[in-house]
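Input: a single structure, listed below in structure tokens.
Taken together, the values in this text are just the output of simple stated rules run on the coordinates, not laboratory data. Worth saying up front: this structure is predicted, and the values here are computed from it rather than measured. Using ideal geometry, Cβ is built from the backbone for each residue, glycine included, and neighbour counts are taken over all protein chains shown.
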Amino acid sequence: MEQNQFLNCLKNILGHQGGSLIFPCIRDLVANGLQMSRLSPADPVPNRQDLTQYLAAWCRLAGLDEDTCRKWLSEYAVAMLSAISRSSVSAIRHSTKSNVRYIYRREVAFVCGRAANQFKAQCNDACPVYAKMENKPRKTQRDTLTALKDATPRNGATLPAAAPLKQFYQKQFEAAIQLVRHELKNGAKSTAILNLLNQQELKTRTGRKWTYPILCTEIRKLTAQL
């Protein structure tokens, strides 16, 4: 689909009465994707998952069922978000499916961030939910995982001296195993779970990147505990 076709598709899904639910930020993101030029050097750079979860939460608010959201959003993610991702088309589809499942199963509320939204998407105080969004914190899957693990060092940063390396990797591993349990419970395939673990930059108990054999070993251990 071309950019405007994704927007037209949404309009068709929602029908005439649902047009007002396509808020300015949603209209902008659907038609134009993530505009990196709008971000300042000091702004954190959103990734594909951030935008996918944002749109999935909006789909849920707009009344789209999970299957409809997944189908529409998967095509959008492949066409519009591949430029900000190094993942393959197959991996993007798997990740989108997992993110939609997370938003719907956990009943994550849509919180836009208004003019301060992380994507710098268009905002208008005439938006029907503008007043309701004041001072509402947005909690995403990334926030949930961050609460369970120390942030992965980036750009050559080192771990704080107060956090022993073994302890750091143990927290990473515990967060990873929790994610594995959740995805298995919801019927995710091993390959999709592997992609999600590495997209979240979670590590094994020894600080290694997750591989299929390592994941299968841990899944067998989890299965044996049931």
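Of note:
- Couplings for the stretch 175-192, taken from phi via the Karplus curve 6.51 cos²θ - 1.76 cosθ + 1.60 with θ = phi - 60°, read 5, 5, 5, 4, 5, 4, 4, 4, 5, 4, 4, 9, x, 5, 7, 4, 5, 5 Hz in order; Gly and Pro are left as x.
- If R0 is 22 Å, the Cβ-Cβ spacing of Arg181 and Ala109 corresponds to a FRET efficiency of close to 0.40.
- Spatially proximal aspartates and glutamates relative to Lys171 (Cα-Cα < 17 Å; intrachain offsets below 8 disregarded): Asp143, Asp150, Glu201, Glu218
- Set Lys71/Lys209; Lys189/Lys221; Lys71/Lys120; Lys189/Lys209 screened for pairs whose C-alpha atoms are more than 20 Å apart: Lys71/Lys209; Lys71/Lys120
- Local net charge near Thr68, Cβ-Cβ under 14 Å (Lys/Arg +1, Asp/Glu -1): +2
- Cα shape, the stretch 3-138, gyration tensor, a/c 1.5 rule: rounded
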